[in-house]
Amino acid sequence: MRDADLIEFSKTLLAVADYYGKELSENVVDVYWNGLREYDLEAVQKALWAHARNPDSGQFMPKIADIAKVTQGRTDDQAAVAWSKVNLAVRRVGTYQCVVFDDPVIHRVIADMGGWVLIGSKDDKEWPFVAKEFENRYRGYRMRDDTPEYPPVLIGMANAHNSQQGFRQNPPILIGDERKANTVRLGGTTAPLLAMKSLADVVQAPAQVRQISDGRREVGA
């Protein structure tokens, strides 16, 4: 959610609280806001009302974890969605280009698996096994409900070569939601990640980015 969504979010949350006979202080509303602002407003609103209709847990005022669970879906569903983004990007963009996904866990999983270039080097026979490994690793991170450290950009072959030769770095391609992908890029770390030191080199993200959304590439500043 964006800052402009705070008023609408607060109205919805307070309406749900009123339904449950609860009064929420401004501080508690802020706690809900900060705990859920990574999700889209519409998705949060749907999750709130879905919880209220749940015959098993709907008699209790939803906590942040309840809303997040409904919004995110099961971890295997999340993993399948994440893999579909990776699969599309490999086929439509390729691993020659650097990329930034709109999900930081995708970055960490790909880094753990050897990096963007290595993923793209797999052939069709290996691809189902790559998918399975990716989804298993992704579920593992999601089940821990933790965002691990991750590289800000997944480096492609072009920039790997340019870096070695001292040439200019090409801007990465954004995959998915542009705003979220930019947040991922800014939130990554260029320090070595302990679990993947031998698997991938992490380099600083270029200042400029390009975008791909729903498989279509657009040039941006």
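Would you kindly state how much longer the chain becomes between Ser121 and Asp76 on full extension, computed as 0.36 nm times their sequence separation minus their alpha carbon distance, in nm to one decimal?
Stretched out fully, the Ser121 to Asp76 stretch lengthens by 13.7 nm.
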Spelling out what I want: for every residue of segment 27-33, take phi, set θ = phi - 60°, compute 6.51 cos²θ - 1.76 cosθ + 1.60 (Karplus), and round to whole Hz; glycine and proline get x. 5, 5, 4, 4, 4, 4, 4
Förster radius 22 Å - calculated FRET efficiency between Glu26 and Gln59 (Cβ-Cβ, nearest 0.05): 0.30
Just subtract the alpha-carbon distance of Ala15 and Arg91 from 0.36 nm times their residue separation and send over the number in nm, one decimal. 22.8 nm
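About the Cα centre of segment 3-72, what is the dipole size in debye to 20, counting +1 per Lys and Arg Cβ and -1 per Asp and Glu Cβ, all else neutral? Numbers along the way, then the final one.
Values: 7 positive and 12 negative charges, 62 e Å.
Dipole of segment 3-72, to the nearest 20 debye: 300 debye.
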Expected output is a single nm value to one decimal: the length gained when fully extending between Asn182 and Asn34, i.e. 0.36 nm times separation in residues minus the C-alpha distance. What is it? 51.4 nm
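Which GluC sites (Glu not before Pro) from segment 78-140 combine a DSSP loop assignment with at most 15 other Cβ atoms within 10 Å? Walk me through the numbers on the way to the answer.
Numbers: sites: Glu126, Glu133, Glu135; in loops: Glu126.
Taking segment 78-140 and a limit of 15 other Cβ atoms within 10 Å, the loop GluC sites (Glu not before Pro) found are Glu126.
Which of the peptides 112-124, 90-102 is most tightly packed, and how do the rest follow, going by the mean number of other Cβ atoms within 10 Å of each residue? It would help to have the intermediate numbers written out before the result.
Numbers: 112-124: 16.5, 90-102: 20.2.
Most protected by this proxy first, the peptides run 90-102, 112-124.
Rounding to the nearest 20 debye, state how big the charge dipole of segment 31-177 is about its Cα centre with +1 on each Lys and Arg Cβ and -1 on each Asp and Glu Cβ. Provide the component values of the computation, followed by the final result.
Working: 18 positive and 19 negative charges, 21 e Å.
Dipole about the Cα centre, nearest 20: 100 debye.
None of the figures in this text is laboratory data; all of them are computed from the coordinates on show. As the structure is a computational prediction, the values presented were derived from the model and not from experiment. Heads up, the Cβs are rebuilt from the backbone with ideal geometry, glycines too, and the neighbour counts pull from every protein chain shown.
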